[in-house]
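Input: a single structure, listed below in structure tokens.
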Amino acid sequence: MNAPDRYERFVVPDGTKKVSYERDTKIINAASFTVEREDHTIGNILRMQLHRDPNVLFAGYKLPHPLQYKIIVRIHTASQSSPMQAYNQAINDLDKELSHLKGVFEYGMYGRFLVWGSGPRISVLFVELIVQNKPSGRGFEAFKGLLGESTFGCFGSTQRCRYYQRRGKQ
Amino acid sequence: MSCITSEAPPPKPKISALDMPDVPMGRLPPHLERQRTRVLCNSDAPTHTESVLSSGAYASMELDNSGLLGHFKDNFEVDVIRLNEDEMEFDMIGIDASVANAFRRILIAEVPTMAIEKVLIANNTSVVQDEVLAHRLGLIPIKVDPRVFDYISENDTPNEKNTIVFKLHVRCTHGRLTVKSDELQWLPHGSGFLVETENPQLIQKSGSKTYTSFGRSQAEMSDFESNPIGPKHEDIIIAKLGTGQEIELEAHAVKGMGKTHAKWSPVATAWYRMLPEVELLEDVEDVLAEELKQKCPVKVFDIEDTLEGKKKAFVANPRACTLCRECIRGEEWQKRVALRRVKDHFIFTIESTGALPPEVLFTEAVKILEDKCERVLSELS
């Protein structure tokens, strides 16, 4: 009866900003960021990345109440950096890590069999050499560079080239 | 029981603190490395569960922890163990627990799917009440790629880009009839029910309107030409009818996320666990080895023959360990077997309900997390 609507969990209402920033008056280089309509999914990741920053002295997040769908992230930094800077840096680093993760995952899934060309002239190249090496960030980028982004991209759309079994393992 | 008289253990020689070897600087001693990278699963509770993230954690040893945490790009690996049409198991090595949990949460609640939301019931004389029937229809997984469709809000009219229309018309003539999900027919042209208006002049002017306004048939859309839309499983029981009972309804399916209602969750479930590590701290031989092998319900331990002809236990399959802690029950066993978990090696399992294959689901989850990060950054004024 008193429960808020389920769409309140992720729809930011008109008038409220998604992220707002409040400096702490009593402590220098300290601020609280209030992110509306987010939860532990982004809060914990942001906190983890902030901890890795050597300039951050304190980083934590909380959900003030489980029925109010927002998180408050509190950051204290050393004097070399500001909380705003630390926050931006953390999210940029996360973005880069996630795109790398996506690349390695797609390589792990599809990298063994590569489709060349498209339409009636499709041929499949078995990329055995690269399978032997561990897929690392550098190797994967070099691999994509070798064959061109477009070739790799056209793989995903061809239904019949989704080979599931890994050689030697079930 | 014979008592063996023994002498008091020989006194240990006293070493001055000044003569002790130096703590190695620049490198972690093995016990600290174990604390940093492993969760110790003791018989009462696990210890050292948090990840050591701050770069100054080992500053007293003159060791920069940010170097150990690394370089994500160099350490990150993905290994696919098993992949079927509906299910996938893969390992991710080198990520933190918060990232793994974020993926799990997004897979369960934020990857969108299509599910039946509005049910227009023309006739229901069965014993299943209207709302119960509508609830059951909502939970049926629909085999369609949700990325083709748009979200619909309250003000939008249902059209071919945001709604899928199904029809169910069953009548039981004699005996008992079980209504299964294959009775749901897809209507690519939109709704067949006419909106009732009390004003006959309105109907004359603009023609009779249905509950949806499809501009063109969905069957013409390239995605659905060869594969028609329908429920993933044909044998889901929707209702049971007796003689003379009839159900006639139309169901509209829309796009939504698990956060709104669990019917829109694309995974049966998705979970992860950390890689277990089992180590034998002492040599376990003969009778004890047999006992250890028997204890483990998932056959983690096995016995090999040593050169002297004795039987020794070894860890054959640590990955299967479910942490039931049978092997460390009792004081003596705790000294012989150590159970640990590797903190940055996650074994993910994703079971899809059928709308999207599991590897596509994971890629979508990563994209959604990237979008979230971007929103959180760009909307900061």
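Quick note: the coordinates plus some simple rules give every number you see, no bench work behind them. Keep in mind it's a predicted model, so treat the numbers as computed, not measured. Cβ sites come from the backbone with ideal geometry, for glycine too, and all protein chains shown count toward neighbours.
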Length added when fully stretched, B:Asn101-B:Val287, from 0.36 nm per residue minus Cα-Cα: 62.7 nm
Alpha carbon centroid spacing (whole Å) that separates region B:108-122 from region B:231-272: 8
Computed over region B:67-140, Kirkwood Rh from alpha-carbon pairs, angstrom: 16.8
DSSP-loop trypsin sites (Lys or Arg not before Pro) across region A:1-101, with at most 13 other Cβ within 10 angstrom: A:Lys17, A:Lys26
Backbone HN-Hα couplings from phi across region B:122-135 [Karplus 6.51/-1.76/1.60, Hz, Gly and Pro as x]: 8, 7, 9, 9, 7, 7, 7, 5, 3, 6, 5, 5, 5, 4
Pairwise Cα inverse-distance average, inverted: Kirkwood Rh of region B:106-199 (Å): 15.6
Formal net charge of residues neighbouring B:Arg147 (Cβ-Cβ distance under 11 Å; K, R +1; D, E -1): -2
As computed over the protein assembly as shown, the Cα convex hull volume per residue (Å³): 298
Cβ-Cβ FRET estimate between B:Glu85 and B:Asp182, R0 fixed at 25 Å, reported to 0.05: 0.85
In order through region B:286-299: 3J(HN,Hα) via Karplus (6.51 cos²θ - 1.76 cosθ + 1.60), integer Hz, x for Gly, Pro: 6, 4, 5, 5, 4, 4, 5, 4, 5, 5, 6, x, 10, 6
A:Gln85 paired with B:Asp371, simple spin-label distance in nm, labels 7 Å along Cα-to-beta-carbon: 3.3
For B:Val267, distant residues with modelled amide H under 5 Å away: B:Thr353
Which of A:Gln49, A:Tyr69, A:Leu98, positive extreme of dipole for region A:6-111 (C-beta unit charges): A:Tyr69
22 Å Cα-Cα threshold exceeded, pairs from B:Lys143/B:Lys259; A:Lys17/A:Lys96; B:Lys295/B:Lys343; A:Lys70/B:Lys143: A:Lys17/A:Lys96; B:Lys295/B:Lys343; A:Lys70/B:Lys143
Given charges at beta-carbon only (K, R positive; D, E negative), |dipole| of region B:112-264 in Debye: 240
Low-density loop cleavage sites - GluC sites (Glu not before Pro) in region B:259-293, where at most 11 other Cβ are within 10 Å (DSSP): B:Glu282
Cα-centre dipole for region B:102-196 with unit charges at Cβ (Lys and Arg positive, Asp and Glu negative), debye to 20: 460
Alpha carbon centroid spacing (whole Å) that separates region B:315-363 from region B:156-200: 46
Karplus 3J(HN,Hα) series, Hz, for region A:28-44 with 6.51 cos²θ - 1.76 cosθ + 1.60 (x for Gly, Pro): 6, 6, 9, 8, 10, 10, 9, 9, 7, 6, 9, 9, 4, 3, 8, x, 5
Sparse-neighbourhood loop sites, trypsin sites (Lys or Arg not before Pro) in region B:217-300 - DSSP loop, at most 16 other Cβ within 10 angstrom: B:Lys232, B:Lys299
Listed residues B:Ala316, B:Tyr58, B:Met257: farthest to the positive end of the dipole of chain B (Cβ charges): B:Met257
For A:Asp24, residues with placed amide H under 5 Å, excluding near neighbours: A:Ala30, A:Ala31, A:Ser32
Interatomic Cα distance distribution for region B:112-264, bins of 5 angstrom, percent: 2, 9, 17, 21, 19, 15, 10, 6, 2, 0
Chain B: C-alpha gyration tensor shape, a/c 1.5 cut-off, then a/b vs b/c: prolate
Net charge contributed by nearby residues that have their C-beta within less than 13 Å of B:Val254 (K/R +1, D/E -1): -1
Positive-end extreme of charge dipole, the protein assembly as shown - chosen from A:Tyr110, B:Ala365, B:Ser352 (charges on Cβ): B:Ala365
Rounded D (µm²/s) - region B:237-286, Kirkwood Rh over Cα pairs, Stokes-Einstein at 4 °C, 1.567 mPa s: 74
Kirkwood Rh in Å, taken over all unlike Cα pairs in region A:6-111: 15.1
Relative contact order (%) - criterion: Cα under 8 Å, at least six apart; region: chain B: 24
Helical mean residue ellipticity (222 nm; -39500 (n - 2.57) per DSSP H run of 4+; nearest 500) of the protein assembly as shown: -8000 deg cm²/dmol
Cβ-defined net charge surrounding B:Glu285, 9 Å radius [Lys, Arg +1; Asp, Glu -1]: +1
Among the listed pairs A:Lys102/B:Lys255; A:Lys18/A:Lys62; B:Lys12/B:Lys312; B:Lys312/B:Lys335, those beyond 21 Å (Cα-Cα): A:Lys102/B:Lys255; B:Lys12/B:Lys312
